[in-house]
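Structure record follows, encoded as structure tokens.
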Amino acid sequence: MEANASSAQFDEFVRARTGSLLRSAYLLTGDQHLAEDLVQSALVRTHRAWKRLHDTNNAEAYTRKTMYHLQVAWWRRKRFKETSDDGVSDAAVSIPDSSEATVRKMVLRDALAQLPPRQRAVIVLRFYEDRTVPDTAEILNCSTGTVKSQTAKAISSLRKQRPELAQFTERSFA
């Protein structure tokens, strides 16, 4: 009976958090299919550790950290070659929004896709996930100096690539 309850709790966790996990994974990978693979791989590992995680209410943090570690490992293996998705539409989750905000999100998403993987990860963790520099360094297994330099390079690149985001990046990344 306990196994069934644990399985039901994991299923509920997956239903409740998959949307949020997919959005973060999409920002990390820049590709809907890779994002789905990343979330699925992280959830498999979360399932293996479910009893321990559920007892400590740490399942989402574990899943997110696992996603970032898996993504960094994939980058390091250079298993997946980055490609531009110009002209290809994604099946990303859409939420009704004002047209100006929607355009800004699309421009920002495209700009993030142009960043090198490490810079994209730093931007996602620091500004989308609202992580601190030390948290980001721990998740990416690098120094705080690396996080700071990668953040500065990414912001500079975003401002150069997309001047229309200059006002947005000054407010968000300053």
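Read the figures in this text as sums done on the coordinates, not as results from a lab. All values reported here derive from a predicted model rather than from experimental measurement. With ideal geometry, Cβ positions are generated from the backbone for all residues, glycine too; neighbour counts draw on all protein chains shown.
For this structure, a couple of remarks:
- Neighbourhood charge, 12 Å Cβ-Cβ cut-off, centred on Val122 and excluding it, Lys, Arg +1 and Asp, Glu -1: +4
- Distance (nanometres) between label positions extended 7 Å along Cα→Cβ at Asp37 and Lys51: 3.2
- In Hz, Karplus ³J(HN,Hα) per residue of the stretch 38-46 (6.51, -1.76, 1.60; θ = phi - 60°; x = Gly, Pro): 4, 5, 4, 5, 5, 5, 4, 5, 5
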